[in-house]
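Note sheet for the following structure.
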Amino acid sequence: MKKRITILGDGAWGTTLAILLSNNGHDVLVWSVFGDHLDKLDKQRENEKYLKGIKIPDNIIFEKDLKKAIEFGDFIIFSIPSKFFRSVCQMIKKEKVSLKKKVFISVAKGLEQKTLKRMTEILKEELGNVKVCVLSGPTIAIEVAKKLPALVVVASRDKTTAKTIQDMFSNEYFRVYTSTDMIGVELGGPLKNIIAVVAGISDGLGFGSNAKAAVLSRGIVEIQRLGQKMGAKRKTFYGLAGLGDLSTTCISPESRNRTLGERIAKGEKLEEIIKTTDSIIEGATTTEAVYELSKKYEVEMPIVEAAYNILYKNLKPTDALKKMMERERKPE
């Protein structure tokens, strides 16, 4: 059945999902705080900034009025960076629109730095007892926009809601699985971003496939350790939202997080890199939050700790490697 869907966010992933859902036969509206960019998208029907060469269907609506945007959709997709997630929730709250029958879908892969909270926790905190779910997995936006095959998972505590969203998104190139482990699916995205930064550092230092494999295999162990302590199911981290997403982000040349690590290894500073990119690099902002979570839950996470010390304490990548390799010897 045709759905009315509002997408909050005009970046690469928000635009890609808008195109996908429109092609699936749904009514789609896109809102963004950047009104000028929305006008440009509406006129040119191409997101030159993030998805150059990809045509945006003519029936996708671009709306600058947030109240109208929320009223339009029965399903509200949050494609908003974690840094701005709460502020957008607060903007919605001020509009005083009835949210009772709406379903909120987070596709953000980050954690709030100050509170260390997940995005669905922020949704509930700011908007009340609304229906929330999470869509995540190995999804490089440009690949999905080009209709290359991709598999993801949608997690909701309500199986009927998960099934509805599964049907809404699924098509011949985009396959959706369901899960009830919202915590695990939601944590997989932000946690793997940090491991991807370290994988990029490995690439930047010229290390080989052996080192990359070590980062991935030990990285997923750290992810599931923390995830389980936070209430997630272990098996989730060996599925699409965990190992699947981790593999893509650590390997793909399109990965912003892997590229960040590569540039760090070659001597650039974090502040300089952030200034020279139009996109939010979630791995950079999430590293600090996950480092704090590892201390809070008393979980050993040497890769995360190394990333934190490199990004925020000016530790040289080679010194971080030496420190990790010289750790106490132990069974796997």
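The values are calculated or read from the model by the stated rules, or taken from the named source; none is laboratory data. None of these values were measured; they are calculated from a predicted model. Note that we place each Cβ from the backbone using ideal geometry, even for glycine, and neighbour counts take in every protein chain shown.
Data for the structure
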{"quantity": "Some residue of region 224-244 being free of Cβ contacts under 8 Å to residues at least 12 places away in the same chain and not in a helix (DSSP H, G or I)", "calculated": "no"}
{"quantity": "Identity of the residue in region 224-278, within 17 Å of residue 13 (Cα to Cα) and surrounded by fewer than 20 Cβ atoms within 10 Å (Cβ to Cβ), that ends up modelled with the lowest pLDDT", "calculated": "278"}
{"quantity": "Qualifying residue in region 40-60 (condition: touching a helix residue (DSSP H, G or I) at 6+ places or on another chain (Cβ under 8 Å), in a strand (DSSP E or B) and closer than 25 Å to residue 134 by Cβ)", "calculated": "no"}
{"quantity": "Exclusive hit being free of Cβ contacts under 8 Å to residues at least 40 places away in the same chain, of a type in the set (Phe, Trp, Tyr) and surrounded by 14 or more Cβ atoms within 10 Å (Cβ to Cβ), set 78, 85", "calculated": "85"}
{"quantity": "Residues being polar (S, T, N, Q) and farther than 19 Å from residue 281 by Cα - total across region 48-91", "calculated": "2"}
{"quantity": "Verdict on residue 116 being among the hydrophobic types (A, V, I, L, M, F, W, C) and on the phi > 0 side of the Ramachandran plot", "calculated": "yes"}
{"quantity": "Verdict on residue 189 being in contact with a Pro (Cβ under 7 Å, 6 or more places away or on another chain) and either over 23 Å from residue 25 (Cα atoms) or surrounded by fewer than 22 Cβ atoms within 10 Å (Cβ to Cβ) (or both)", "calculated": "no"}
{"quantity": "First in region 1-27 and assigned by TED's automatic domain parsing to the domain that holds residue 77, second anywhere and of a type in the set (Phe, Trp, Tyr) and modelled with pLDDT under 95, Cβ under 6 Å, 6 or more apart", "calculated": "11/50; 12/50"}
